[in-house]
Amino acid sequence: MDIKDFNEALYASSNGVVVERRKSIIVPVLVLLAGAALLIVNYFIDNGTDANNLKSALVLVGGCVSLVGVALCGVAIFGEGEPYHTGDKCFLVRRQYSFDRAQRDSVVRAVEACDKLALDGIEESDIAGISVVCYHSPRSKYVAMQAFAYEEFVYQGITPLKIKC
């Protein structure tokens with residue numbers, strides 16, 4: 001299994017505790033509406049020498065905020081779902097660690113024990129010879145992690161998926 005299949009393995013092995021869910025579309029729609037409101041306010045300002053700079057600023061800011069809102073709506077509608085813990089009723093927090101190959105044994109021990117604190121104690125590297133993907137719940141002690149090694153231009157799993165509730 002490579003690093004891209006981690007989420008699918010997490011959903012399959014959690015027995016319904018972790019499911020794929022999309023985040024709410026309310027915030028992207030509100031950003032879009034805020035941008036549209038700025039453009040509407042611009043329409044109601046009278047033309048005059050004192051208001052031209054204000055109108056230009058409203059068009060610029062309103063247009064940019066509207067475009068960001070459209071992009072966020074597109075991501076919310078068409079993007080991939082995120083891991084959601086049904087028991088805690090919250091999205092899992094993703095953290096990806098990067099380690100040097102020399103630290104492989106200590107990383108594998110920490111992942112096999114599903115010990116997030118031990119991983120936090122290992123010095124990270126800028127070059128990710130060994131990578132650990134870790135999801136944890138902010139509301140409980142639920143942790144899921146797996147270690148991967150970068151071999152032949154792709155990350156390959158060196159430990160099985162470990163889950164600790």
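The values are calculated or read from the model by the stated rules, or taken from the named source; none is laboratory data. This structure is a prediction, so every number in the text was calculated from the model and none was measured. Cβ sites come from the backbone with ideal geometry, for glycine too, and all protein chains shown count toward neighbours. Each accessible area value is taken on the protein alone, full model and side chains, heavy atoms only, with ligands, DNA and RNA left out. Shrake-Rupley method; radii C 1.70, N 1.55, O 1.52, S 1.80 Å.
Odds and ends about this structure:
- Sole exception among (1) within 28 Å of residue 20 (Cα to Cα); (2) surrounded by 13 or more Cβ atoms within 10 Å (Cβ to Cβ) for residue 124, by number: (1)
- Tabulated pairs, segment 138-165, first of a type in the set (S, T, N, Q) and modelled with pLDDT of 85 or more, second open to solvent by 50 Å² or more (accessible area, probe 1.4 Å) and part of a strand (DSSP E or B), C-beta under 9 angstrom, 6+ apart or interchain: 146/162
- Criterion (part of a helix (DSSP H, G or I), open to solvent by less than 60 Å² (accessible area, probe 1.4 Å) and among the polar types (S, T, N, Q)) met by exactly one of 106, 56: 106
- Flag if residue 66 is outside any helix (DSSP H, G or I), in contact (Cβ under 8 Å) with a residue 24 or more places away in the chain and of a type in the set (Gly, Ala, Ser): no
- Checking residue 48 against (1) exposed (fewer than 12 other Cβ atoms within 10 Å of the Cβ); (2) within 23 Å of residue 27 (Cβ to Cβ); (3) modelled with pLDDT under 90, the condition it does not meet: (2)
- Residues within segment 70-99 that are in contact with a strand residue (DSSP E or B) (Cβ under 7 Å, 6 or more places away or on another chain) and free of Cβ contacts under 8 Å to residues at least 40 places away in the same chain, tallied: 4
- Of residues in segment 74-103 being open to solvent by 80 Å² or more (accessible area, probe 1.4 Å) and part of a strand (DSSP E or B), the one nearest to residue 130 (Cα to Cα): 95
- Just one of (1) surrounded by 16 or more Cβ atoms within 10 Å (Cβ to Cβ); (2) within 30 Å of residue 134 (Cα to Cα) fails for residue 25. It is (1).
- A count restricted to segment 136-159 and to residues that are part of a strand (DSSP E or B) and in contact with a Phe, Trp or Tyr (Cβ under 8 Å, 6 or more places away or on another chain) stands at 10.
- Scanning segment 30-49 for residues that are out of contact with any Leu (no Cβ under 8 Å at 6 or more places or on another chain) and under 30 Å from residue 137 (Cα atoms) turns up at least one hit.
- Selection within segment 1-22 - open to solvent by 100 Å² or more (accessible area, probe 1.4 Å) and either free of Cβ contacts under 8 Å to residues at least 12 places away in the same chain or over 30 Å from residue 145 (Cβ atoms) (or both): 4, 8, 15
- When we screen 154, 143, 133 for residues that are of a type in the set (Val, Ile, Thr), over 26 Å from residue 25 (Cβ atoms), surrounded by fewer than 18 Cβ atoms within 10 Å (Cβ to Cβ) and touching a strand residue (DSSP E or B) at 6+ places or on another chain (Cβ under 7 Å), the only hit is 154.
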